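Step one of this worksheet: look at the structure below.
The values are calculated or read from the model by the stated rules, or taken from the named source; none is laboratory data. Just so it is clear, the structure is predicted and the values come from calculations on it, not from any experiment. Every residue, glycine among them, receives a Cβ derived from its backbone with ideal geometry; neighbour counts consider all protein chains shown.
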Amino acid sequence: MRDIAEKVSYLQGLSEGLNISDGSPQGKIISGMLGVLEEIANSTINLQYEFEEFKEYVESIDDDLFDLEESMDEDELDHIEMECANCGEQLYFESEVLEDDDVIEIICPNCNEVVFVNDGSFDFEPSYIDDEIEEEEVTTQP
(Lines give C-alpha, C1' and ligand atoms only; values in the text may rest on other atoms or scores of the structure.)
Protein backbone atom coordinates (compact mmCIF):
# COMPACT_ATOMS: atom_id res chain seq x y z
CA MET A 1 0.00 0.00 0.00
CA ARG A 2 2.93 2.31 0.55
CA ASP A 3 3.62 2.12 -3.19
CA ILE A 4 0.28 3.84 -3.91
CA ALA A 5 1.24 6.75 -1.66
CA GLU A 6 4.65 6.87 -3.32
CA LYS A 7 3.09 6.91 -6.80
CA VAL A 8 0.76 9.74 -5.80
CA SER A 9 3.73 11.68 -4.39
CA TYR A 10 5.61 11.06 -7.63
CA LEU A 11 2.68 12.42 -9.65
CA GLN A 12 2.47 15.48 -7.41
CA GLY A 13 6.18 16.11 -7.88
CA LEU A 14 5.84 15.59 -11.61
CA SER A 15 3.02 18.12 -11.82
CA GLU A 16 5.13 20.64 -9.89
CA GLY A 17 8.10 19.94 -12.14
CA LEU A 18 6.00 20.53 -15.25
CA ASN A 19 4.90 23.89 -13.84
CA ILE A 20 1.23 23.00 -13.95
CA SER A 21 -0.32 26.03 -12.31
CA ASP A 22 -3.48 26.13 -10.26
CA GLY A 23 -4.49 29.22 -12.26
CA SER A 24 -5.39 27.36 -15.42
CA PRO A 25 -8.55 25.22 -15.67
CA GLN A 26 -6.48 22.13 -16.53
CA GLY A 27 -4.12 22.83 -13.64
CA LYS A 28 -7.03 23.08 -11.20
CA ILE A 29 -8.39 19.74 -12.37
CA ILE A 30 -5.01 18.01 -12.17
CA SER A 31 -4.28 19.49 -8.70
CA GLY A 32 -7.74 18.47 -7.50
CA MET A 33 -7.33 14.95 -8.83
CA LEU A 34 -3.92 14.62 -7.20
CA GLY A 35 -5.39 15.85 -3.89
CA VAL A 36 -8.18 13.27 -4.10
CA LEU A 37 -5.67 10.54 -4.98
CA GLU A 38 -3.58 11.49 -1.96
CA GLU A 39 -6.62 11.25 0.35
CA ILE A 40 -7.59 7.89 -1.14
CA ALA A 41 -4.05 6.57 -0.68
CA ASN A 42 -3.96 7.72 2.96
CA SER A 43 -7.40 6.22 3.65
CA THR A 44 -6.36 2.94 2.05
CA ILE A 45 -3.20 2.78 4.17
CA ASN A 46 -5.23 3.48 7.35
CA LEU A 47 -7.75 0.79 6.39
CA GLN A 48 -4.96 -1.71 5.87
CA TYR A 49 -3.49 -1.01 9.33
CA GLU A 50 -6.92 -1.27 10.94
CA PHE A 51 -7.59 -4.49 9.05
CA GLU A 52 -4.33 -6.02 10.28
CA GLU A 53 -5.20 -5.08 13.89
CA PHE A 54 -8.69 -6.51 13.44
CA LYS A 55 -7.27 -9.69 11.91
CA GLU A 56 -4.95 -10.17 14.92
CA TYR A 57 -7.88 -9.55 17.28
CA VAL A 58 -10.07 -12.12 15.51
CA GLU A 59 -7.23 -14.66 15.60
CA SER A 60 -6.90 -14.02 19.33
CA ILE A 61 -10.64 -14.58 19.80
CA ASP A 62 -10.41 -17.75 17.72
CA ASP A 63 -7.59 -19.07 19.92
CA ASP A 64 -9.54 -18.22 23.07
CA LEU A 65 -12.64 -19.92 21.67
CA PHE A 66 -10.64 -23.02 20.81
CA ASP A 67 -9.25 -23.14 24.35
CA LEU A 68 -12.76 -22.68 25.75
CA GLU A 69 -14.14 -25.47 23.56
CA GLU A 70 -11.38 -27.80 24.73
CA SER A 71 -12.07 -26.98 28.37
CA MET A 72 -15.81 -27.47 27.81
CA ASP A 73 -15.17 -30.91 26.33
CA GLU A 74 -13.07 -31.81 29.36
CA ASP A 75 -15.66 -30.48 31.82
CA GLU A 76 -18.67 -31.94 30.01
CA LEU A 77 -18.87 -34.90 32.38
CA ASP A 78 -18.73 -32.60 35.39
CA HIS A 79 -22.13 -31.00 34.78
CA ILE A 80 -25.62 -32.06 35.74
CA GLU A 81 -28.71 -31.46 33.64
CA MET A 82 -32.01 -30.98 35.43
CA GLU A 83 -35.49 -29.93 34.41
CA CYS A 84 -37.46 -27.43 36.48
CA ALA A 85 -40.56 -29.16 37.85
CA ASN A 86 -42.49 -25.89 37.76
CA CYS A 87 -41.89 -24.58 34.21
CA GLY A 88 -39.91 -27.34 32.43
CA GLU A 89 -36.80 -25.18 31.83
CA GLN A 90 -33.59 -27.19 31.31
CA LEU A 91 -30.98 -26.28 33.95
CA TYR A 92 -27.29 -27.12 34.03
CA PHE A 93 -24.96 -26.88 37.00
CA GLU A 94 -21.63 -28.26 38.11
CA SER A 95 -21.62 -31.61 39.88
CA GLU A 96 -19.32 -30.12 42.53
CA VAL A 97 -22.44 -28.50 44.01
CA LEU A 98 -23.54 -31.92 45.24
CA GLU A 99 -20.44 -32.34 47.42
CA ASP A 100 -20.12 -28.71 48.58
CA ASP A 101 -20.19 -28.20 52.37
CA ASP A 102 -22.04 -24.90 52.07
CA VAL A 103 -25.76 -24.94 51.35
CA ILE A 104 -26.30 -23.96 47.72
CA GLU A 105 -29.67 -23.40 46.07
CA ILE A 106 -30.20 -23.81 42.35
CA ILE A 107 -32.89 -21.39 41.18
CA CYS A 108 -34.66 -21.60 37.84
CA PRO A 109 -33.88 -18.44 35.84
CA ASN A 110 -37.22 -18.70 34.07
CA CYS A 111 -39.66 -18.89 37.00
CA ASN A 112 -37.35 -18.12 39.99
CA GLU A 113 -38.39 -21.38 41.67
CA VAL A 114 -35.86 -23.25 43.82
CA VAL A 115 -35.25 -26.50 41.96
CA PHE A 116 -32.44 -27.98 44.03
CA VAL A 117 -30.71 -27.49 47.36
CA ASN A 118 -27.63 -29.55 48.20
CA ASP A 119 -28.74 -30.12 51.81
CA GLY A 120 -30.72 -33.27 50.93
CA SER A 121 -34.14 -31.63 51.13
CA PHE A 122 -34.73 -31.93 47.40
CA ASP A 123 -34.14 -35.64 46.96
CA PHE A 124 -36.76 -37.20 44.73
CA GLU A 125 -39.32 -39.06 46.79
CA PRO A 126 -40.77 -42.35 45.52
CA SER A 127 -44.34 -41.06 45.86
CA TYR A 128 -43.56 -38.24 43.43
CA ILE A 129 -42.15 -40.75 40.95
CA ASP A 130 -45.08 -43.15 41.56
CA ASP A 131 -47.57 -40.34 40.88
CA GLU A 132 -45.95 -39.69 37.51
CA ILE A 133 -46.03 -43.39 36.62
CA GLU A 134 -49.70 -43.65 37.60
CA GLU A 135 -50.54 -40.55 35.51
CA GLU A 136 -48.75 -42.04 32.48
CA GLU A 137 -50.60 -45.36 32.91
CA VAL A 138 -53.97 -43.58 33.08
CA THR A 139 -53.30 -41.59 29.93
CA THR A 140 -52.01 -44.62 27.96
CA GLN A 141 -54.88 -46.96 28.85
CA PRO A 142 -57.76 -47.11 26.29
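Restricting region 79-120 to residues that are among the aliphatic types (A, V, I, L, M) and in a loop (DSSP other than H, G, I, E, B), the residue that is modelled with the highest pLDDT is ALA85.
So which of GLU89, GLU96, GLU38, GLU70 ends up being charged (D, E, K, R) and surrounded by fewer than 11 Cβ atoms within 10 Å (Cβ to Cβ)?
Answer to the check: GLU70.
Evaluated against (1) more than 44 Å from the chain's Cα centre (by Cα); (2) in a helix (DSSP H, G or I), GLU39 falls short on exactly one condition, (1).
For the condition at pLDDT 90 or above, part of a helix (DSSP H, G or I) and either touching an Asp or Glu at 6+ places or on another chain (Cβ under 6 Å) or among the hydroxyl-bearing types (Ser, Thr, Tyr) (or both), what is the one hit in TYR10, TYR57?
Values: TYR10 fails: at pLDDT 90 or above.
Result of the check over TYR10, TYR57: TYR57.
Of the residues making up region 1-21, those that are more than 50 Å from the chain's Cα centre (by Cα) and exposed (fewer than 11 other Cβ atoms within 10 Å of the Cβ) number 3.
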